[in-house]
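Asker: Below is a structure I'd like to ask you about.
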Amino acid sequence: MLKRTAVINMAHRAALAGTEYAIANSFGLAKDIKYHDHLIYAAMIQGGVSQIRCCEGSLPADVARSEFLKSRVILDKDHVCYKTYREINDILQSHLIVNKNDENKQSLTILSFFLADLLYSLDTQSAFVATLPLPDIRDYQGILSPNILSVVGCLLSEIKSVNLHLPLPQFEIESSRVEVFQELLLSDIFALYSESHVALESSEVDEVAAQKNILAKAIEVRKRFVNTIDLKAATLSLIPVTTKLIDTFFGGWPASLANIFGDRLTSLLKKDKKIVIYDYGKSHYDMLMQHYSAIKRTEKI
């Protein structure tokens, strides 16, 4: 069976926890909140991936208790995961053209994590799962120096987002129900769904045809697991690797990172592949809203 992987770092999991607290608090239920970290594995189903890469120490306890889910996780050393983030963040901070106060430094966090995730994805030849919003170049105008801004702007301008209906578990968030994940992830129909995503990663395949094939396979997954799976709207972001993008990195990025990014991107260009980003944030938000709404309705009965 094809084994596609996706990376997710601690910042994105922390964002999910922050989202859950805000939702629970809005329903007056934050006091006894139990975080549903294992739901990130619903993103595996959404993205057609059979393994998740993350850092040591970021494995949810309820996932660690499941031998099956734990077997689907590749743990990388914390220092490997965050060394690049710190390097990128330090470089961006050195190119601030405003006061280097805490507020301005904090504004670089999302961009730094995005670039670090991108490099992590390139290094591991994986897609990556995002729960934080993708950076907006307008947020950094007048904050970062023009040469850094042009490199980042070139990268962000290449991102193309598409909306598809993809399979997600119906709202069963109890950690004890990991058998739902197990049966689905080991099924032949999921293997075919996973393979359909490979075409989306290729620069040689027609995107519209690839998207239609993904939807067709998603419908088959839904038919096979009609009692556990729904099709829900989700966003994928694609970054095609071009010669222009590589030249921009080499020309405007500080030498140390230019070589790292440039080499990885050049390797991907030779393979005619795209970088795929799965936006899981909205899916997680919708499931939690449904969950806490149901609890609140039960309290009123």
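Asker: If you check Ser71 against the conditions, is it crowded, with 20+ Cβ neighbours inside 10 Å and modelled with pLDDT of 80 or more? Even if it seems obvious, please write down each step before you answer.
Answerer: Numbers: crowded, with 20+ Cβ neighbours inside 10 Å: no; modelled with pLDDT of 80 or more: yes.
Considered against the rule, which asks whether it is crowded, with 20+ Cβ neighbours inside 10 Å and modelled with pLDDT of 80 or more, Ser71 comes out as no.
Asker: Please tell me if Ser121 is within 30 Å of Asp206 (Cα to Cα), of a type in the set (Gly, Ala, Ser), assigned to a helix (DSSP H, G or I) and open to solvent by 20 Å² or more (accessible area, probe 1.4 Å). Spell out the reasoning first.
Answerer: Numbers: within 30 Å of Asp206 (Cα to Cα): yes; of a type in the set (Gly, Ala, Ser): yes; assigned to a helix (DSSP H, G or I): yes; open to solvent by 20 Å² or more (accessible area, probe 1.4 Å): no.
Spelling it out, it is not the case that Ser121 is within 30 Å of Asp206 (Cα to Cα), of a type in the set (Gly, Ala, Ser), assigned to a helix (DSSP H, G or I) and open to solvent by 20 Å² or more (accessible area, probe 1.4 Å).
Asker: Let me ask something else. Of all helices (runs of 4 or more DSSP H) completely enclosed by the stretch 179-292, which ones contain at least 2 residues that are open to solvent by 10 Å² or more (accessible area, probe 1.4 Å), farther than 27 Å from Phe68 by Cα and touching a residue at least 60 places away in the same chain (Cβ under 8 Å)?
Answerer: Result: 243-252, 255-270.
Asker: Of all residues being under 20 Å from the mean Cα position of the chain (by Cα) and β-branched (Val, Ile, Thr) in the stretch 9-48, which is surrounded by the most Cβ atoms within 10 Å (Cβ to Cβ)? Just the residue, please.
Answerer: Once the filter is applied, the top-ranked residue is Ile45.
Asker: What's the number of the only condition in (1) outside any helix (DSSP H, G or I); (2) open to solvent by 30 Å² or more (accessible area, probe 1.4 Å); (3) at pLDDT 85 or above; (4) of a type outside the set (Asp, Glu) that Ala6 fails to meet?
Answerer: (2)
Asker: State whether the residues of the stretch 162-169 include one that is within 26 Å of Leu75 (Cα to Cα), in a strand (DSSP E or B) and at pLDDT 85 or above. Don't jump to the end; show me each part of the working.
Answerer: Narrowing the stretch 162-169 to residues within 26 Å of Leu75 (Cα to Cα): 167-169.
In the following step, the residues that additionally are in a strand (DSSP E or B) were identified as 167-169.
Now drop any that are not at pLDDT 85 or above, which leaves 167.
Yes, some residue in the stretch 162-169 is within 26 Å of Leu75 (Cα to Cα), in a strand (DSSP E or B) and at pLDDT 85 or above.
Asker: If we scan the stretch 140-152, do we find a residue that is under 30 Å from Ile45 (Cα atoms), open to solvent by 30 Å² or more (accessible area, probe 1.4 Å) and more than 16 Å from the chain's Cα centre (by Cα)? Spell out the reasoning first.
Answerer: If we filter the stretch 140-152 for residues that are under 30 Å from Ile45 (Cα atoms), which is where we start, we get none.
No, the stretch 140-152 has no match at all.
Asker: Right, here's the next one. Right, Ser126: surrounded by 13 or more Cβ atoms within 10 Å (Cβ to Cβ), modelled with pLDDT of 85 or more and within 26 Å of Gly262 (Cβ to Cβ) or not? Break it down stepwise before answering.
Answerer: Details: surrounded by 13 or more Cβ atoms within 10 Å (Cβ to Cβ): yes; modelled with pLDDT of 85 or more: yes; within 26 Å of Gly262 (Cβ to Cβ): yes.
When the stated conditions are applied, Ser126 passes them.
Asker: Moving on to the next point. Which is modelled with pLDDT of 90 or more and either over 22 Å from the mean Cα position of the chain (by Cα) or β-branched (Val, Ile, Thr) (or both), of Ile214, Ile260?
Answerer: Numbers: Ile260 fails: modelled with pLDDT of 90 or more.
Only one candidate passes the filter, namely Ile214.
Asker: Still on this structure, I have one more. Taking the options Val98, Val80, name whichever one is farther than 27 Å from Leu184 by Cβ, more than 21 Å from the chain's Cα centre (by Cα), surrounded by fewer than 13 Cβ atoms within 10 Å (Cβ to Cβ) and at pLDDT below 85. Full working, then the answer.
Answerer: Values: Val80 fails: more than 21 Å from the chain's Cα centre (by Cα).
One residue alone meets the criteria, Val98.
The values are calculated or read from the model by the stated rules, or taken from the named source; none is laboratory data. Bear in mind that the values here come from a model prediction, so they are computed numbers and not experimental data. Here the Cβ is made from the backbone with ideal geometry for all residues, glycine too, and neighbour counts use every protein chain on show. Side chains are part of the model used for accessible areas, which takes the heavy atoms of the whole protein and leaves out ligands, DNA and RNA. Shrake-Rupley method; radii C 1.70, N 1.55, O 1.52, S 1.80 Å.
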